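Notes to accompany the following structure.
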Amino acid sequence: MKLMVLHGGAGRWESKELDKALSVLRRAAEIGFKTLSNGGSALDAVVEAVSFMEYSGVLNAGRGSCRDLAGGVSLDAGVMWMGRAGAVAHVKATWNAVKLARIVMEGTPHVLLAGDGADELARKKGLPPLEVVTGEVNSDTVGAVALDENGRLASAVSTGGIRGKMPGRVGDSPIPGAGFWTSRLVASCSTGYGEAIIMAQPCRLTSILYEEKGLPLSKALINACEAVKAPCGLIALTINGEAAASTIADFMPIAIARERDIKMLVVKRGEALEL
Ligand code: GLY
């Protein structure tokens, strides 16, 4: 079974911005699902889909990233699959932070690389330079989870962080368990207020609630969101093909890609949907 869920960030979306986000998400879902259909892995699919969202300039990641207090831009991203994770923080050398996170996972002995060292690796690997197209996006982190034909799960996230952050600030997105997590049975990723998400670890919590406590996936997600106690959204996918989304922020645009179709939805505050 092949399946993907993507989100474009939880937050206070204006309706015009939401329309643009949904069209980027649809295209990202097409790209990710095509990757799966062409024999790509769940990891390939999430990295391709998130790379497109980073490139779009419409969402708060990559070229669309928000600015910090000094007018600068710095990116965080993470990926996880098959018991391994890779992440980057405070990246300034490339818009393609999710690809850099994959390089950290596959090509270095580390899990998290930050600042100058991450930038140097991006340049060495020839990743495209960072040009910011807006810096004004109101939304949060983007993310994707996928299940491939071989029953493997992957999760990926990317973000410009929060608007008006202090230069040097790093959020939840590159922290395994907080911004993303892929366990044996569940892949999930989060979006929302990073400081609270780091402390609550909602992605790790989702796996615990589903795998160890036996909660239905949507119930596990809303409980994990509520543990954050600040604007937050989560998407998740299980090895059995169950998919769910939940948010306690105003809106979270999502796409669900299956063999038969791509479905677009806007999840609203307090909802916990089986998809
Ligand atoms: N969730 C993104 C951040 O707080 O950096």
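What the table below lists for this structure:
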read-out	value
Shape category assigned to segment 1-126 from the gyration tensor of Cα positions, a/c cut at 1.5	oblate
Relative contact order (%) - the chain, alpha-carbon pairs under 8 angstrom, separation at least six	23
Segments 233-239, 141-147 sorted - mean Cβ within 10 Å per residue, highest first	141-147, 233-239
Dipole in debye (nearest 20) - the chain, about Cα centre, beta carbon charges: Lys, Arg +1; Asp, Glu -1	80
Calculated [θ] (222 nm, deg cm²/dmol) that DSSP helices of n ≥ 4 give over the chain, each run adding -39,500 (n - 2.57)	-9500 deg cm²/dmol
Residues with amide H under 5 Å from that of Leu113, placed H, sequence gap 5 or more	Ala87, Val88, Ala89
Under-24-angstrom lysine pairs by C-alpha in segment 134-275, whenever the two are 8 or more apart or on separate chains	6
Pairwise label distance in nanometres, Asp250 with Glu106, each label 7 Å out on the Cα-Cβ vector	3.9
Hz values of 3J(HN,Hα) by residue in segment 188-195 - Karplus curve (6.51, -1.76, 1.60), Gly and Pro given as x	8, 8, 10, 8, x, 6, x, 4
Segment 65-109, relative contact order [Cα under 8 Å, separation at least 6], %	32
Relative contact order (percent, whole number), segment 1-113, Cα cutoff 8 Å, 6+ residue spacing	17
Phi to ³J(HN,Hα) by Karplus 6.51 cos²θ - 1.76 cosθ + 1.60 over segment 170-178, Hz, x for Gly, Pro	10, x, 7, 4, x, 9, x, x, 8
Residues Asp116, Asp68, Asp261 arranged by fewest to most Cβ contacts within 10 Å	Asp261, Asp116, Asp68
Placed amide H near Thr94: partners under 5 Å, 5+ positions off or other chain	Leu130
P(r) histogram, all alpha-carbon pairs of segment 157-275 included - 10 Å bins from 0, percent	15, 48, 30, 6, 0
Cα shape, the chain, gyration tensor, a/c 1.5 rule	rounded
Cα gyration tensor shape of segment 63-147, rounded if a/c is under 1.5, else prolate or oblate by comparing a/b with b/c	oblate
Which of Val73, Val111, Leu6, positive extreme of dipole for segment 1-147 (C-beta unit charges)	Leu6
Of the DSSP H helices in the chain, those whose Cα atoms cover at least 18 Å axially and whose Kyte score averages -0.5 or more	15-37, 42-56
Distance in nm between pseudo-label sites at Glu211 and Glu14 (7 Å out along the Cβ direction from Cα)	4.3
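Read-outs: derived from the displayed coordinates by stated rules, not from any lab. All of these numbers come straight from a predicted model, not from anything done at the bench. As a convention, Cβ positions derive from the backbone with ideal geometry for all residues, glycine included, and neighbour counts pool all protein chains shown.
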